[in-house]
1. For the subset of region 83-117 comprising residues that are within 14 Å of the chain's Cα centre (by Cα) and aliphatic (A, V, I, L, M), which member is farthest from Tyr13 (Cα to Cα)?
2. Condition first: under 23 Å from Leu23 (Cα atoms), touching a His at 6+ places or on another chain (Cβ under 7 Å) and either assigned to a helix (DSSP H, G or I) or small (Gly, Ala, Ser) (or both). Can you find one or more residues in region 52-74 that meet it?
3. From the list Arg101, Arg88, Arg84, which one is free of Cβ contacts under 8 Å to residues at least 40 places away in the same chain and either within 26 Å of Glu155 (Cα to Cα) or assigned to a helix (DSSP H, G or I) (or both)?
4. Output the residues belonging to region 100-128 that are surrounded by 20 or more Cβ atoms within 10 Å (Cβ to Cβ) and closer than 27 Å to Ala59 by Cα.
5. For Gly93, work out the one condition from (1) in contact with a strand residue (DSSP E or B) (Cβ under 8 Å, 6 or more places away or on another chain); (2) crowded, with 18+ Cβ neighbours inside 10 Å it doesn't fulfil.
6. Tell me which residues, restricted to region 149-188, are among the β-branched types (Val, Ile, Thr) and either crowded, with 19+ Cβ neighbours inside 10 Å or in contact with an Asp or Glu (Cβ under 6 Å, 6 or more places away or on another chain) (or both).
7. Residue by residue through region 1-38, note down the ones that are under 19 Å from Ala205 (Cβ atoms), modelled with pLDDT of 95 or more and touching a Gly at 6+ places or on another chain (Cβ under 7 Å).
8. Taking Leu146, is it without any contact (Cβ under 8 Å) to a residue 60 or more places away in the chain and either surrounded by 12 or more Cβ atoms within 10 Å (Cβ to Cβ) or assigned to a strand (DSSP E or B) (or both)?
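The values are calculated or read from the model by the stated rules, or taken from the named source; none is laboratory data. It should be emphasised that the depicted structure is a prediction, and the values quoted were computed from it without experimental measurement. Don't worry about glycine lacking a Cβ; one is built from the backbone with ideal geometry, like all the others, and counts go over all protein chains shown.
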Amino acid sequence: MTDEAGLDRPRAYCDLGTNYPLLFAEIGKLGVFDSMFSCSPVPGLEDSCARYGAQVVAAPPDGLAAASAFEQLEHVFSPLDYLRGIHRALAGGGLLFLTTRTISGFDLQMLWGHSPYIYAPEHLNLLSVEGIARLLERAGFEMHELSTPGQLDVELAKAAAEGDPAIPIPPFFRYVLSRRGRETLEDWQAFLQKHRLSSHARLAAVKRPSHAGACLAR
């Protein structure tokens, strides 16, 4: 994120839907942004955001050098409109950093509708990693990183399978989850991380300066 702060304009950073006000304390220590904003933080966190140096706003200001959205995309009605709004607020070459749940992750693919961790109306959209990449492109971004560093897929699937034996998990996976030890399960989780098969996705994308109008025409 700090690599994107050196734009020839005021260097501003905004976090959307702030859940962690301490984020601003850590960002502030870097000394790379002239101003920080919290857009629509979780109710009750406004004072904490302000205490750590962020101005609370209802919409992200224009000309941002960087923006972040942690675990927000899966909760909005229209992910494309949401990303286009961030695109408009970023300066050319500005960075978007976001995290989200993805349906292509192992635990959600295994549990599907039996997952106790995903429910409506809290989770409105669960995209695959391919879908997220395509969505960012349509919104006018160039992908710089797409990884799935999640650490809990195997643990969550194992706990759900043990809690409800009626969940239709394929026999091979049920065998591994129930009969193999910690080393196997840890290696399995590492495999999921490496091959973008965890349900926790982390993305970094840059606004394409020449895309100012094209994304609105699609």
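1. Ile103
2. Yes, region 52-74 contains at least one residue that is under 23 Å from Leu23 (Cα atoms), touching a His at 6+ places or on another chain (Cβ under 7 Å) and either assigned to a helix (DSSP H, G or I) or small (Gly, Ala, Ser) (or both).
3. Arg88
4. Thr100, Arg101, Thr102
5. Status for Gly93: all satisfied but (2).
6. Val154, Ile169
7. Ala12
8. So Leu146 fits the description; yes.
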